[in-house]
Every structure is written in C-alpha cells, then in structure tokens.
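**Q** One structure coming up, written as structure tokens, with questions to follow.
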Amino acid sequence: MLNIVHYPNPILRNVSEKVEVFDKDLQAFLSEMARAMYRYDGIGLAAPQVGVNKRIIVVDVGKGLLKLVNPVILEVSGEEEVMEEGCLSIPGVYVKVKRKIGFIRFKAQDGTGKERIWTGKGLLARVIQHEVDHLDGVLMIDRAERPFSEEAEKKIKELEENYE
Ligand code: NI
C-alpha cells in the first residue's frame with residue numbers, strides 16, 4: 001500500500017514531471033494510486049501525495065474511476081462556488097475554496113499513452129483543479145479564503161510542529 005505524504009513535506013511543493021514512459025509499471029502505479037485513494041476515502045489523489053513527482057492523478061467523484069496521466073486543464077468557466085475542501089495530505093483540515101465549477105474541459109492520457117478530452121462540471125471540475133494544482137506544488141490552503149477556522153489553523157500548526 002502506498003503511503004500518503006503529509007504537509008509540510010517539501011515533496012508536495014515540487015512541480016511534477018511529465019510522464020514519458022507508458023509501460024506496465026505505470027499501469028500498476030495507477031492501480032496502486034486508485035487503491036490508496038479508495039482506502040483513505042478520497043475522491044482524488046495526485047502522485048506527489050504518495051511521494052512521486054510525476055504528473056499523474058486519479059479521481060472518482062462517484063461516477064467511476066478516472067486514471068489521468070499528464071492532465072492539462074484547457075478551460076474552466078461559468079459559475080463560481082465556495083466549498084469546503086479537504087486533502088488527504090492535510091488531514092483534518094477543511095478550508096473554503098472558491099473555484100469555477102460551471103464547466104471544465106481537460107485533456108489527459110491513459111496508462112497506455114492514449115489521449116482523450118474530457119468535459120464536466122460541479123464536483124468533478126473542483127476535484128480536477130485541486131488535483132492538477134498538486135502537480136504544480138499548489139495546495140488548497142494556498143487558494144483558500146482567509147482567515148481559516150480556528151480548528152483548521154490548529155490542525156495546520158500541529159502538522160507543522162509534528163513534521164520531522
Ligand atoms: Ni489534495
């Protein structure tokens with residue numbers, strides 16, 4: 001089972017590299033990531049969160065599993081919404097993040113390198129943005145409305161103090 005990397009581990013702040021090799025190892029890694037996401041009850045997981053700085057994410061917002069390699073957001077538009085987000089790498093912290101969720105269009109490759117364009121909205125649009133942010137070293141706390149709740153501030157401080 002893959003281990004989840006927690007804030008403030010610097011791995012989460014790196015810009016991840018594009019995947020160039022589409023082989024059995026990549027396909028196995030995608031399955032391992034999906035297992036880890038489900039195990040921790042996540043709806044999205046990015047490779048840096050398991051310690052791998054590669055542009056890979058898995059997402060399942062209840063409409064099936066997406067294994068996305070080299071995802072690129074092509075368009076985000078429409079309605080903006082503020083919603084509390086969580087992150088497996090920042091456990092116990094929930095912060096309000098405003099994102100455009102009216103429409104998203106993104107492209108990604110699958111485990112064999114085949115590219116496809118996807119469209120969606122709502123929670124899918126939110127999660128894709130959250131996960132692609134991870135690939136650029138951006139965390140939800142960077143985008144969240146401030147001030148955070150006292151609870152969130154406390155948990156973040158705990159994570160920072162307990163990090164070794
Ligand atoms: Ni996250």
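**Q** Among the residues of the stretch 122-136 satisfying the criterion of being under 30 Å from LYS24 (Cβ atoms) and either open to solvent by 30 Å² or more (accessible area, probe 1.4 Å) or more than 10 Å from the chain's Cα centre (by Cα) (or both), which is farthest from the ligand (Cβ to nearest atom)?
**A** LEU124
**Q** Can you tell me which residue among LYS63, LYS96 is farther than 25 Å from GLU160 by Cα and either touching a residue at least 12 places away in the same chain (Cβ under 8 Å) or in a strand (DSSP E or B) (or both)?
**A** Step by step, each of LYS63, LYS96 is checked, and only LYS63 is farther than 25 Å from GLU160 by Cα and either touching a residue at least 12 places away in the same chain (Cβ under 8 Å) or in a strand (DSSP E or B) (or both).
**Q** Another one. Criterion first (open to solvent by 70 Å² or more (accessible area, probe 1.4 Å), more than 16 Å from the ligand (Cβ to nearest atom) and in contact with a Gly (Cβ under 9 Å, 6 or more places away or on another chain)) does GLU20 satisfy it?
**A** So GLU20 fails the test.
**Q** Further, regarding this structure: Among the residues of the stretch 109-121, is there at least one that is of a type outside the set (Lys, Arg), at pLDDT 95 or above and within 15 Å of the ligand (Cβ to nearest atom)?
**A** no
**Q** LYS107 - would you say it is in a strand (DSSP E or B) and closer than 20 Å to VAL82 by Cβ?
**A** no
**Q** Within the stretch 38-49, does at least one residue satisfy the condition of being open to solvent by 70 Å² or more (accessible area, probe 1.4 Å), within 15 Å of ASP133 (Cβ to Cβ) and not in a helix (DSSP H, G or I)?
**A** Looking through the stretch 38-49, at least one residue is open to solvent by 70 Å² or more (accessible area, probe 1.4 Å), within 15 Å of ASP133 (Cβ to Cβ) and not in a helix (DSSP H, G or I).
**Q** Could you say whether any residue in the stretch 137-147 is open to solvent by 60 Å² or more (accessible area, probe 1.4 Å), away from the ligand (no atom under 14 Å from the Cβ) and of a type outside the set (Asp, Glu)?
**A** yes
**Q** Then there is this: Which of the residues spanning the stretch 84-103 are within 12 Å of the chain's Cα centre (by Cα), open to solvent by 10 Å² or more (accessible area, probe 1.4 Å) and among the hydrophobic types (A, V, I, L, M, F, W, C)?
**A** CYS87, LEU88
**Q** Return only the number of the condition from (1) surrounded by fewer than 17 Cβ atoms within 10 Å (Cβ to Cβ); (2) touching a Ser or Thr at 6+ places or on another chain (Cβ under 8 Å); (3) closer than 19 Å to VAL138 by Cβ that LEU12 does not satisfy.
**A** Failed condition: (1).
The values are calculated or read from the model by the stated rules, or taken from the named source; none is laboratory data. Not measured: the values here are computed from a predicted model. All Cβ positions, glycine included, derive from the backbone under ideal geometry; neighbour counts span all protein chains shown. Quick note on the areas: whole protein, heavy atoms, side chains included, nothing else; ligands and nucleic acids left out. Shrake-Rupley method; radii C 1.70, N 1.55, O 1.52, S 1.80 Å.
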